[in-house]
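Here the structure comes first, spelled out in structure tokens, and everything after it is commentary.
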Amino acid sequence: QVIIAIRVLVLVWESGAPVAYVVGGWDPPLGIALRADGVSAVMMLTSAVIFSAAAAFAWKEYRPPRGLPESRASLVFWSALLAMASALNTLFASADLFNLYVALELLTFAAIPVVSLKGSAETLRAALRYLIFAVFGSMLYLLGIVLLYGAYGTLDVTSLAALIRPDAATLVAAALVTVGLLAKTALFPFHLWLPPAHAGAPAAGSAVLSALVVKGSLFLLMRLWFDTFPSLRDPAAMQILAALGAAAVIVGSVMAIRQARLKLLVAYSTVAQVGYMFFVFTLVPVLPGESWIAASAWTGGWLQIVSHAFAKAAMFVAAGLVAEALGHDRIRDLSGLGKRLPLIVLTFAMSGVSLMGLPPSGGFSAKFMLLVAAVAEGRWLWAAVIIGGGLLAGIYVFGVLARMLAAMPDGTRVAEIGRGRQLIA
């Protein structure tokens, strides 16, 4: 997968144009076209690297026992992991709204078994809540594309962009699709399913869910509003998306600070970090090439998606290793890890640097670009939220690091953790 993703990225880079493939030789609107441009290629490579790392990390726990039948957990995990990778690649390369719906459903129904893999009552409740929100989002998205098909007779993204007009049916369809995708992205106030789901999954599963799965619907949302619906972009509607993003940054950060468990803290951090990506909708007027301000915001938004993916995958894997070493992930009882497991603590700290937006991390570059765009456009509220979110992230990251670097109480038992899995993180 990594090799294919690199090859696609090289082809796009060298040609300066998207790589396109018509499935079965049938051109749209009768057939389905796959299309990978620069953003798609970068996301495919990001996905491939993180899935490969998650698979290598999970091999110790889920490898089939030699000479014995494969366990249910092993079969479900590897099947779901491959299905999620396939679904994301389909999302990143599809140019048909119904094909994208199928990819979204595959992604959802591959992710839910990973959430409930432990089989406890808590994880089953989390998976059921995830399912309810996901089905709600899918129904709205499907209803929206049905309205679009009825109005224009096509679901091909390129064809639709040329035909779209701001009439009542189209506006209702766009609103339904948007709300449905917001529910799948877990943007505030649709975030209630995410923390228990991501905290309850195995460490490798949490890494993939938080780093990549929630980005699938966000990727589609940005594609639709900048490629298919640009003529429908109303400043007031875009301000609403940015306001929800700002609320996610504040609420998610405050909830992360209040958590007593490390994995829940990391999960609420995802709620907050997703919020930054929605400033792009108001900071980029219509097309990112219109001005340097729009280009800064556009680049910053995508860099935030990629940098958050790597930082959050690493942080969840580190949190999983902490729980494996201590037998729990209670933040107040993490003292002494800095001395016993310094590489894990370093991993958590490096990830935290990106989430806080400190140099020289990708998170710093992303948030700085968004901040520059917000100040240049006079959006002082969004600028204040970007800075405030970084400060709040510092509170929960440094709070955990302070515990980890404190002296270890006598009698604390720490299990041995293989160096290879620590290096993966």
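The values are calculated or read from the model by the stated rules, or taken from the named source; none is laboratory data. Note that the coordinates shown come from a computational prediction; the quantities given were computed from them, not determined experimentally. Note that we place each Cβ from the backbone using ideal geometry, even for glycine, and neighbour counts take in every protein chain shown. Protein only, heavy atoms only, side chains kept; ligands, DNA and RNA dropped before computing areas. Shrake-Rupley method; radii C 1.70, N 1.55, O 1.52, S 1.80 Å.
In table form, for the structure just shown:
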read-out	value
Ordering of 413-424, 239-250 by packing [mean C-beta count within 10 Å, highest first]	239-250, 413-424
Around Gly388: net Lys/Arg minus Asp/Glu count, Cβ-Cβ under 15 Å	+2
Environment charge of Leu171, counting only residues whose C-beta is closer than 14 Å and scoring Lys/Arg +1, Asp/Glu -1	0
222 nm mean residue ellipticity, helices alone, for the chain (DSSP H n ≥ 4; -39,500 (n - 2.57); rounded to 500)	-23500 deg cm²/dmol
For the chain: relative contact order, % (alpha-carbon pairs under 8 angstrom, 6 or more apart)	13
Which labelled figure in (i) 164; (ii) 123; (iii) 144 is volume of the Cα convex hull per residue in Å³, once derived from the coordinates	(iii)
Rounded accessible area per residue of the chain, 1.4 Å, Å²	41
Label-point separation, Ser52 to Ala20 (7 Å along Cα→Cβ), nm	3.0
Segment Val254-Val76, extension gain: residue separation times 0.36 nm, minus the distance between their alpha carbons	60.6 nm
Förster-model FRET efficiency, 45 Å R0, Arg330 and Ala236, C-beta, rounded to 0.05	0.50
Mean separation of Cα contacts under 8 Å (6+ apart) over length of segment 3-154, as relative contact order %	18
Rel. contact order, % - alpha carbon contacts under 8 angstrom, at least six apart, segment 47-126	27
Relative packing of 338-345, 7-14, which averages over residues the other C-beta atoms within 10 Å, highest first	338-345, 7-14
Count of Lys pairs (Cα-Cα under 17 Å; at least 8 positions apart or interchain) in the chain	6
Förster-model FRET efficiency, 60 Å R0, Asp167 and Glu61, C-beta, rounded to 0.05	0.65
Degrees separating the helix 362-376 axis from the principal Cα axis of the chain, which is the longest one	50
Percent accessible area from carbon and sulfur atoms, the chain, protein chains only, probe 1.4 Å	69
Mean Cβ count within 10 Å, highest first, over the residues of peptides 261-269, 40-48	261-269, 40-48
